[in-house]
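The values are calculated or read from the model by the stated rules, or taken from the named source; none is laboratory data. Since the model is a prediction, treat every value here as computed from it, not as a measurement. Heads up, the Cβs are rebuilt from the backbone with ideal geometry, glycines too, and the neighbour counts pull from every protein chain shown.
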Amino acid sequence: MNKTHNIQSDMKTLWNGAAGNAWVESQSLLDQMFKPIEQALVKAAIDSGASNVLDIGCGAGTTTLTCSRALGEQGKLTGLDISAPLIEAAKLQAKKTKSLAQFVCADAQEYTFASNAFDLIISRFGVMFFSDPVVAFTNLHKAANEEARLHMYAWRHPGENGFMTTAMRAAAPFLPPMPKPEPNTAGQFGFADPDYVMSVLEEAGWKDAKLEKVDFLCSFPAEQIEQYNTRLGVLGTLLPELDENVRNKIISVVNTAFDKFISADRAQFTAACWKITARA
C-alpha cells in the first residue's frame, strides 16, 4: 500500500468518523464563522452566469444550498464531499428547504463525473485534503466543460492564521510531541504554498491559474468558543483520548488563550486565504 493510498484512507476514516460528526454537530457555528467566504462564492456563481455548478468539499451543504437559491431554477448545483455524516446532513437540509441541489458522498479524486458537465467548480476550504492533488484536479478538469471556471478558497500559511493555530500551541505543553506537518501534503494548510498550487493546476490541465491574497473578517458567538476549541480541528480529535484531568487543564488553558480574539459577545479573527481561480 503506497503513501498516497494511506493518506486518502486516513482522510476517509477521519471525515467519516470523529471529524465528520463534529462538523455536523457544529454546523451552525461553522456556517456563521465562514459566512464571508460563502458570500464570496455565491457572488462568483451569480457573476459567472453558470448553470451547472460543482461544490467540492461541500460539507453540510450550506454554500451549495445558498448558491442553488441564488441561481434559481436555471442553476443546477451539485455538492460533493468524502464525509457520509456531512452529506446526510446536507441532504436533510435540502429536503427541509425543498432545494433542487443534489449531494454526492464521494472522493473527487476518484469519482467518475460526467464529462464536460460543469461550467463552474467552487470550494470553501475543501480542496487541500487530496492525497494526490494533480490526480484530483485532472479528474475535475475532465468534468469541466471548455468554458468552465474554477473559483475556490484555501488557507494561506499558518503563520498568517493565528486563530487557526492558537489551540494547538496553547495545548502543546500537555501533549506528546506532535510530528511537524510536511509542506505540500494533505491537510488544512496543504495549499499554503502558491507556487505549489500553481504547479498542481498547470499539471492538471487548468489554464490562467491565479492566486490572490484575500483576508476575510470572520466571527461567531463568543459563547461557542469552547465548542470550537474542544470539538473541531486536531485538538478536537485528541481530547477524547486524554485523561480527564489533563483534558480539563487543556480546555482551561486553551479557552484563556482565545481571550484575545473575543470582542464584546463575538469571537473574531482574520482568515488569511488564497483566492484561487483558473479556467479549463
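Structure notes:
- Filtered residues of the range 7-27 (kept if under 16 Å from the mean Cα position of the chain (by Cα) and part of a loop (DSSP other than H, G, I, E, B)): 16, 26
Table: residues versus (1) part of a helix (DSSP H, G or I); (2) of a type in the set (Asp, Glu); (3) surrounded by 18 or more Cβ atoms within 10 Å (Cβ to Cβ).
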position	(1), (2), (3)
176	no, no, no
181	no, no, no
186	no, no, yes
192	no, no, yes
202	yes, yes, no
215	no, yes, no
220	no, no, yes
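- Condition check for residue 128: out of contact with any helix residue (DSSP H, G or I) (no Cβ under 9 Å at 6 or more places or on another chain) and within 25 Å of residue 62 (Cα to Cα): yes
- Of all residues in the range 222-248 being free of Cβ contacts under 8 Å to residues at least 12 places away in the same chain and polar (S, T, N, Q), the one that is surrounded by the most Cβ atoms within 10 Å (Cβ to Cβ): 248
- The residue list 75, 79 contains one member that is over 30 Å from residue 267 (Cα atoms), buried (at least 20 other Cβ atoms within 10 Å of the Cβ) and either aliphatic (A, V, I, L, M) or in contact (Cβ under 8 Å) with a residue 12 or more places away in the chain (or both), which is 75.
- Options 249, 275, 260; residue that is under 25 Å from residue 160 (Cα atoms), in a helix (DSSP H, G or I), of a type outside the set (Val, Ile, Thr) and at pLDDT 95 or above: 260
- Among (1) at pLDDT below 95; (2) crowded, with 18+ Cβ neighbours inside 10 Å - the single one residue 150 does not satisfy: (1)
- Whichever residue in the range 91-144 is β-branched (Val, Ile, Thr) and touching a residue at least 12 places away in the same chain (Cβ under 8 Å) and, among such residues, is surrounded by the most Cβ atoms within 10 Å (Cβ to Cβ): 122
- Within the range 249-265, the set of residues being surrounded by 15 or more Cβ atoms within 10 Å (Cβ to Cβ) and not aliphatic (A, V, I, L, M) comprises 249, 255, 258, 261.
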